[in-house]
Each structure stands twice: as structure tokens, then as C-alpha cells.
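Inspection log for the structure reproduced underneath, given as C-alpha cells.
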Amino acid sequence: MEEEGSDFIECKTMRMHGHSEHDSAKYVPREMLEEWKKKDPIQKAEQMLKQLGYADEATFREVGERVTKEVEAGVEFAEKSPLPEGPETLNGVFASEDEVQP
């Protein structure tokens, strides 16, 4: 019997770029970056999906385009939204005492 539903996969990786567009990440040793590129689980997953016939370049291109559109829509929504006022600006910034685990 074939199971349906979602799976959860945890992969340890390293940010391959700086924190933002203007951050060249020169503080990361080149050797460390090259080592992580060799074992990048995202690239390995893409290669495996291609090898197993579940996806091809067109699939990844389509997913990339959908992600780009979704991010752009989120940015547009944020830029058009009014700024929060007063105490509302702190909502979700700090954990309350009952949310902090010992």
C-alpha cells in the first residue's frame, strides 16, 4: 500500500551567500565555503530527484519562477501595507516569560 502525505526532511547546510544583497560574505573563509558546496544537501537533493526521474531542469526552473513570484508578491504587499503603530511594533519580537523554556 502506498502512503500519501507529507514528509519532513532535516538537512544541515550553510548559507552560501551573505546576509543580504550588499553582503559579499568575505568574512567566510573560501576553503570553508568550498567544502560546504561539495556537501550541500540542496544540490544533492536536486541531483537525486533528476537521477530518479522525479524532476528535470524545467521543473526546477518552474519552481524557481513560482518562488520568485511569491516572494515579489510578499514584498509588494509589505511595501503597500501601513506601518504598525506604537506598541504593535513589538508584537512577536520578544518571547513572553511563559513562552521561554527553562
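The single residue among 46, 31, 21 that is open to solvent by 100 Å² or more (accessible area, probe 1.4 Å), in a helix (DSSP H, G or I) and of a type in the set (D, E, K, R) turns out to be 31. Candidates in segment 3-18 are the residues that are small (Gly, Ala, Ser) and at negative phi; of these, the one that is most open to solvent (accessible area, probe 1.4 Å) is 6. For the condition out of contact with any strand residue (DSSP E or B) (no Cβ under 8 Å at 6 or more places or on another chain), surrounded by 10 or more Cβ atoms within 10 Å (Cβ to Cβ) and not hydroxyl-bearing (Ser, Thr, Tyr), residue 55 qualifies.
The values are calculated or read from the model by the stated rules, or taken from the named source; none is laboratory data. Because the structure is predicted, anything quoted here is derived from the model rather than measured. Virtual Cβ from ideal backbone geometry, glycine too; neighbours counted across all protein chains shown. Heads up: the accessible areas ignore ligands, DNA and RNA and are worked out on the full protein's heavy atoms, side chains in. Shrake-Rupley method; radii C 1.70, N 1.55, O 1.52, S 1.80 Å.
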